[in-house]
Amino acid sequence: MSALLCIKQLLWKVNGKTILNNIDLSVNKGEVVGIIGPNGAGKTSLLRCILNQQKEFSGTINFKGKDINHYSAKQLAQHFAVVAQKATPIFALSVFDVVSMGLLPHKTLFSFNNSQDLHQITLALEKVGLTNELHSQYNHLSGGEQQRVLIARALVQKAEILILDEPTNHLDVYYQHQILKLVKDLNITVIMTVHDLNLAAQYCQRLVLLNKGKIIADDITERVLNPEILTEVFRLPCQREQDPITNVARVYFHLANNITTSDNKQLNTSKDEQTAVISHE
Amino acid sequence: MSKFSVKIFLLTILCLASTFAALTIGPASISTQELISCLTGVCQNKVTEMVVWQVRLPRVLVGLVTGIGLACAGTILQNITRNPLADPYLFGIVSGAALGATIANITVANQLTIALPLAAFVGALTSVTLVVIIAKALKSMEQLLLTGIAVSFMFSSISQFLLYLGDPFATNRVIFWLMGSLARVEMSNFYVISTILIIALVIIVALHRQIDALLLGDESAASLGVNVDKLRLLMLALCAALTATIVAYCGGIGFVGLMVPHIVRQVIGVTTLPLIIGSALIGGSFLLWVDVIARSALESAEIPLGIITSAFGSLFFLLIMYRTRNN
């Protein structure tokens, strides 16, 4: 089966600094792929390259076997829908206004909403559970509801790949799970960057671990959440266990003295820090 | 009939009624019946015919399209910059026009009738072009407004320096022109302004979805296939051409572009299509009534339009700040 999205030898440098280093990545139809890694690993940069918002890279990115440079911005928007971390409009946009923006890539000049468009918007809001909020003001919704509105907009966009950049960043635990479950249940191809490794483990079929612009691991969740690899990438000792309820891998990080990574670098932490334990959920 | 249709219907009635009322109100009293018979070509009184066709109608029609044009330009500028305080006059348009008018006053004062609007138009466009070039050089189209303010001050200082060195009569002429007035407009001005207005409105309606996409941020719009920089430049050029034409014929009429879109957002909606229709209807009606006040408030003289709009505008500005603080 040929991949829906195929990235080969992607290299992006800015002022001599390597942002992305020889990235090879394929995404198949229907996969939910999580991109994980520490801050500055190149997660969002990779998404920007996929969306052709960043053009100064070498290597190739093919969508359905065709170079993305050969797609117009409008065509790309018909295939890729983006849900950003947070959108804060200045003016009082309604939920309807925001969701109907998703129709744009399929519309011509002078086009107005017709009954089919309205039906599509209603269906999308039904899918994200916000039917009753059609005329509510977007700014008045909670963070989780706003993300669901943006997902509804992506559904109206009828794209084949849904791209999410840290979709749960500003949300509490309840909304984090609600949003990611919703995304998983959509049954479309998803590529998302996620900070929380345990959330990624629970909702992604496959994880791509990035560090310093390089892919360190690209495999099913169980194999990527390897304590040894994670210790090295996040520079903190990592432990792993199986969640007794979901039976999914869970990882914990602890601040500790004198950690030695595989390249023999010493990671020293203070005594105070030793008492702190960082859990990823 | 939807709520939106009812509101637009009522605003259309308001605009038509304002136009009709503005034609009847003035130093020469004209009854509704006289006006209707003159407009339908069976005017019985020669003086009334002259007042209606040569004085009132050009003035009211130019006032109408000026109000529509300024309100629409403000609407688009606020939406493309996502800045509720954006106004055509904050992009250096008036200071550019003033510099053009000052140079015309100093150099070709004898042929001022043609030279002043032409020089003002060139000055306004030069100013906006400079604003865009600087914003592009800074690689920050989001700072258009700040660049506009800087260019405004720069052009104003040059104008003031030229006026300081020049003839005191020229200073008076420029200052009076900058206050804005519909007293000297002709029917030909209406044709020019309405042609540019129609072109601008057609382009805005064609691209209304793209302009809406900007409301959620540049990245969001780009992900929907919008070429953000090109769209913003095109809209800015349209607003500049429209405002420069209006300023060239009517002088400086500030704050219409700032106030009207805010009122329409409260009443009708925030997306481009309803906003532009509402702004056109309210903007047109508003300026007609401002002009009625301008020509009938004092018995001996007309009050310049800019004085009245600025008085309303400054109070409105404070109201926006108060509401923003409370929200």
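The values are calculated or read from the model by the stated rules, or taken from the named source; none is laboratory data. Remember, predicted model here, so these are calculated numbers, not experimental data. Reconstructed Cβ throughout: ideal geometry from the backbone, glycine too, with neighbour counts over all protein chains shown.
Taken as a whole, the structure leaves A:TYR203 outside the set of residues that are modelled with pLDDT under 90, aromatic (Phe, Trp, Tyr), within 17 Å of the chain's Cα centre (by Cα) and surrounded by 16 or more Cβ atoms within 10 Å (Cβ to Cβ). Annotation: A:HIS195 fulfils all but one of (1) assigned to a loop (DSSP other than H, G, I, E, B); (2) within 14 Å of chain B (Cβ to nearest Cβ); the unmet one is (2). The helices (runs of 4 or more DSSP H) found entirely in region B:77-196 include none that carry 3 or more residues being in contact with a strand residue (DSSP E or B) (Cβ under 7 Å, 6 or more places away or on another chain) and surrounded by 18 or more Cβ atoms within 10 Å (Cβ to Cβ).
Residues of region A:43-60 that are more than 14 Å from every other protein chain (Cβ to nearest Cβ) and under 16 Å from A:GLN85 (Cα atoms): A:LYS43, A:LEU46.
Condition (residue is more than 13 Å from every other protein chain (Cβ to nearest Cβ) and of a type outside the set (S, T, N, Q)) applied to region B:214-225: is it met by at least one residue?
Checked against the condition, which is being more than 13 Å from every other protein chain (Cβ to nearest Cβ) and of a type outside the set (S, T, N, Q), region B:214-225 yields no hits at all.
If the condition is being within 30 Å of the chain's Cα centre (by Cα), of a type in the set (A, V, I, L, M, F, W, C) and more than 7 Å from every other protein chain (Cβ to nearest Cβ), then region A:103-116 contributes only A:LEU103. Of all the listed residues (A:GLN157, A:GLN146), the sole one being farther than 17 Å from A:LEU104 by Cα and crowded, with 20+ Cβ neighbours inside 10 Å is A:GLN146.
Taking region A:77-102 as the range and being at the interface with chain B (Cβ under 8 Å from one of its Cβ atoms), of a type in the set (A, V, I, L, M) and surrounded by 21 or more Cβ atoms within 10 Å (Cβ to Cβ) as the test, the residues that pass are A:ALA77, A:ALA81, A:VAL82, A:LEU93, A:VAL98, A:MET101.
Every condition in (1) part of a loop (DSSP other than H, G, I, E, B); (2) among the hydroxyl-bearing types (Ser, Thr, Tyr); (3) more than 30 Å from A:CYS49 (Cβ to Cβ) is met by A:TYR174 except one, and the failing one is (1). Screening B:SER223 with (1) under 30 Å from A:THR44 (Cβ atoms); (2) modelled with pLDDT under 90; (3) out of contact with any Lys or Arg (no Cβ under 9 Å at 6 or more places or on another chain) gives one miss only, at (2).
Is it fair to say B:VAL47 is out of contact with any Pro (no Cβ under 7 Å at 6 or more places or on another chain), aliphatic (A, V, I, L, M) and buried (at least 22 other Cβ atoms within 10 Å of the Cβ)?
Details: out of contact with any Pro (no Cβ under 7 Å at 6 or more places or on another chain): yes; aliphatic (A, V, I, L, M): yes; buried (at least 22 other Cβ atoms within 10 Å of the Cβ): no.
Judged against the criteria, B:VAL47 is not a match.
Which one of these does A:GLY30 not meet: (1) within 14 Å of another protein chain (Cβ to nearest Cβ); (2) in contact with a strand residue (DSSP E or B) (Cβ under 7 Å, 6 or more places away or on another chain); (3) in a loop (DSSP other than H, G, I, E, B)? Only one criterion is unmet by A:GLY30, namely (1).
When each of B:ALA311, B:ALA248, B:ALA301 is tested for being free of Cβ contacts under 8 Å to residues at least 12 places away in the same chain, more than 11 Å from chain A (Cβ to nearest Cβ) and either part of a helix (DSSP H, G or I) or in contact with a helix residue (DSSP H, G or I) (Cβ under 8 Å, 6 or more places away or on another chain) (or both), the lone residue that passes is B:ALA311.
One line per residue, one yes/no per condition, for (1) polar (S, T, N, Q); (2) under 24 Å from B:ILE114 (Cα atoms); (3) modelled with pLDDT under 90; (4) out of contact with any His (no Cβ under 6 Å at 6 or more places or on another chain):
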position	(1), (2), (3), (4)
B:LEU234	no, no, no, yes
B:TYR249	no, yes, yes, yes
B:PHE255	no, no, yes, yes
B:PRO261	no, no, no, yes
B:GLN266	yes, no, yes, yes
B:LEU275	no, no, no, yes
B:LEU281	no, no, no, yes
B:ASP291	no, yes, no, yes
B:ALA297	no, no, yes, yes
